[in-house]
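Q: I have a structure I would like to understand better, so I am pasting it below and will then ask my questions one at a time.
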Amino acid sequence: MEEKKDYRAELFYEPKNGYDTLSDAGREALEAYCEEYKRYLDVSRTERESVANAIALAEEKGFTELVPGMELKPGDRVYYSNRGKALLLAVMGEEPMSAGAVITAAHVDSPRLDLKQLPLYEDSEIAFFKTHYYGGIKKYQWTAIPLELHGVVALKSGETVDVCIGRDRAEPVLYVSDLLPHLAGEQMAKKMSEGIKAESMNIFAGSAPYADEGKDRVKLAVMAILNSSYGITEADLISAELYAVPAFDVRDTGLDRSLIGAYGHDDRVCAFAELKAILELGTPRRTAVCILADKEETGSDGVSGMQSEAFEWFMGKLCRADGSELGDCFAKSVCISADVTAAFDPNYPDVSEKRNAAKLNYGVGLCKFTGARGKSGTNDASAELVAWLRRVLDDAGVQWQMTELGKVDQGGGGTVAKFMGNRNIDTIDAGVPVISMHAPYEVVSKYDCYMTYLCMKAVYEA
């Protein structure tokens, strides 16, 4: 009789939990990588801090600032800081830029509360900061939690003053209040999106009055503290970028320590993966480019966003070094839009289509398309590009999973992928699945973090 084939193993696609295939050596490498990531994330609460810390790591690995007219040869390592809020790095490849580049693009901005330009006021002998939320948030999640204040104040003299309050455990934290349940009957009867009004998200800044007989004594006392600590006046706040972010440390999560809980995984978890991959890269076949972008959470607009021509400026300098045309480079390039995706949460199964949802511990999530209902606003990677990435990751032993962001008519999301695609660059999304995305405290799997780093490494070396 003819021997029966194991058609299931041959024909079915059956991904496995990564821990079922992870060796002891792999587990050690995973933990070491995640400890590095946790240290980076703990001190990178804003896009400016993320960029500054990335530059410090890059310079330790031999990267130098790109200067117009600089001669570049294979193996050279350069970076360009876009106003301290976005960063582009490159390792020059053996082939000319006309052969295309291998690009990874993540973003380092995260949802937060921005102070308004005239933020400080007093009401009922309490000083407050007015805020304007940044990015897509559930407003109620940002009340009744400790907050830190990070950012810069630009003075008329041209000097920039760094501000950081609350990161050190000895420093005070800030706070947005919520109603007590006993008095919240009307509030709790409203839709969740209406329970907290944006203009009510005012930060408690102080309550002790200044020792004089004038008006706004509490406001004056707070302003006196800021002046004493940072040498600023209220007028200087007009030219400031000050952000309130959750005052939560990065922590192992779960009794088995398999998860990481923190603020800002979206999207610094992917940013660090691509950053570490390019820092460890030798001389690649094609030039490797790493992008840490700003403003993704608000549509990638502005001078530091992915729609800015700062990217063309940087790539143009690399192309001119060997006489290549920028358009020829883009046409032959490939980009991994390194952004997080939604992990399937069994507590909320109704929003996901389980067969196509990302699962914790199943590896880096590949997302062919994003957008909203009917794929509106999506990049939608080509079948050929998906097949190429499958081959690259399988050859490198990187575990991956295909995913989408929720059910068809449930919603959707956006990444920088479409802006890269609009430049005639073949682009696909790939990143870490996240639980509670955009919340003040998000959770990711250590295994998925490590596989995302290995994904970026494999792509650069392809």
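Q: Arranged from highest to lowest average of other beta-carbon atoms within 10 Å per residue, in what order do the peptides 24-31, 75-82 appear? Display every interim value, and only then the final one.
A: Details: 24-31: 13.0, 75-82: 19.2.
Highest-to-lowest ranking by the protection proxy: 75-82, 24-31.
Q: Report the label-to-label distance for Y19 and M70 in nanometres (one decimal), using points 7 Å from each Cα along the Cα→Cβ vector.
A: 4.4
Q: Sticking with this one: Can you list the lysines whose alpha carbon is less than 29 Å from that of K375, not counting same-chain residues fewer than 8 positions off?
A: Within the straight-line cut-off, K375 pairs with K16, K138, K139, K191, K295, K332, K354, K359, K407, K418.
Q: A further question on this structure: Can you list the DSSP H helices in the chain whose Cα atoms extend at least 18 Å along the helix axis and whose mean Kyte-Doolittle hydropathy is -0.5 or higher?
A: Working: long enough: 24-42 (27 Å, -1.19); 47-60 (20 Å, -0.22); 217-230 (19 Å, 0.80); 265-279 (21 Å, 0.33); 310-322 (19 Å, 0.05); 383-396 (20 Å, 0.34); 446-461 (23 Å, -0.13).
Those that pass (Cα extent of 18 Å or more, hydropathy at least -0.5) are 47-60, 217-230, 265-279, 310-322, 383-396, 446-461.
Q: Would you mind calculating the gained length between S228 and E60 on full extension (0.36 nm times residue separation, minus the Cα-Cα distance), in nm to one decimal?
A: On the way: separation 168, 0.36 × 168 = 60.48 nm, distance 3.49 nm.
Taking S228 through E60 to full extension adds about 57.0 nm, to one decimal.
Q: Where the eigenvalues come from the Cα gyration tensor of segment 341-406, what are the semi-axes √(5λ) of the equivalent ellipsoid, largest first, in whole Å?
A: The equivalent ellipsoid of segment 341-406 has semi-axes of 22, 17, 7 Å.
Q: Moving on to the next point. How long is the gain from A235 to Q187 if the chain were fully straight, where each residue apart is worth 0.36 nm and the alpha carbon distance is subtracted?
A: Contour length minus the Cα-Cα distance gives 13.7 nm.
Q: OK, next. What distance in nm lies between label points placed 7 Å from Cα along the C-beta direction at S200 and R39?
A: About 4.4 nm separates the two model spin labels.
Q: Would you please give the residues with an amide H less than 5 Å from that of D426, counting only those at least 5 places away or on a separate chain, with H modeled from the backbone geometry?
A: Those qualifying (amide H under 5 Å, at least 5 residues apart or on another chain) are S333, C335.
Q: Using a 1.4 Å probe on the protein chains only, how many percent of the accessible area of segment 43-133 belongs to carbon and sulfur?
A: 52
Q: Which FRET efficiency value, to the nearest 0.05, do you get for Q117 and Q410 by plugging their Cβ-Cβ distance into 1/(1 + (r/R0)^6) with R0 = 51 Å?
A: On the way: r = 37 Å, r/R0 = 0.72.
With R0 = 51 Å, the Cβ-Cβ based efficiency is 0.90.
Q: 7 Å from Cα along Cα→Cβ at both D395 and H132: what's the point-to-point distance in nm?
A: If labels sit at D395 and H132, their model points lie 4.9 nm apart.
Q: Evaluate E = 1/(1 + (r/R0)^6) for M402 and D6, where r is the Cβ-Cβ distance and R0 equals 25 Å; express this FRET efficiency to the nearest 0.05. Can you show the working numbers first?
A: Values: r = 23 Å, r/R0 = 0.92.
With a Förster radius of 25 Å, E is 0.60.
Q: Now, a different point. How many angstrom lie between the Cα centre of segment 29-108 and the Cα centre of segment 265-315?
A: So the separation of the two Cα centres works out to 8 Å.
Q: Moving on to the next point. Can you tell me the length gained on complete extension of the stretch L255 to D350, counting 0.36 nm per residue apart and subtracting the Cα distance? Don't jump to the answer; show the numbers that get you there.
A: Details: separation 95, 0.36 × 95 = 34.20 nm, distance 2.69 nm.
Here the segment from L255 to D350 would lengthen by 31.5 nm.
Q: Using a simple charge model, +1 on the beta-carbon of Lys and Arg, -1 on the beta-carbon of Asp and Glu, nothing else, what dipole does segment 1-146 show about its Cα centre, in debye to the nearest 20?
A: Rounded to the nearest 20 debye, it is 640 debye.
Q: Using a 1.4 Å probe, what is the accessible area per residue for segment 275-388, in Å²?
A: 42
Q: Still on this structure, I have one more. If packing is taken as the average count of other Cβ atoms within 10 Å, what order do 65-73, 34-42 fall into, highest mean first?
A: Ranking, from highest mean packing down: 34-42, 65-73.
Q: Moving on to the next point. How much accessible area per residue does segment 10-106 have, counting only protein heavy atoms and a probe of 1.4 Å, in square angstrom?
A: I get 48 Å² per residue for this part.
Q: When the accessible area of segment 266-384 is computed with all protein chains present and a 1.4 Å probe, what percentage of it is carbon and sulfur?
A: The nonpolar share, carbon plus sulfur, comes to 47 percent.
The values are calculated or read from the model by the stated rules, or taken from the named source; none is laboratory data. Only a predicted model underlies this, so the values are computations on that prediction, with no experimental measurement involved. Glycine gets a Cβ as well: all are built from the backbone with ideal geometry, and neighbour counts include every protein chain shown. SASA here: full protein model, heavy atoms, side chains in, ligands and nucleic acids out. Shrake-Rupley method; radii C 1.70, N 1.55, O 1.52, S 1.80 Å.
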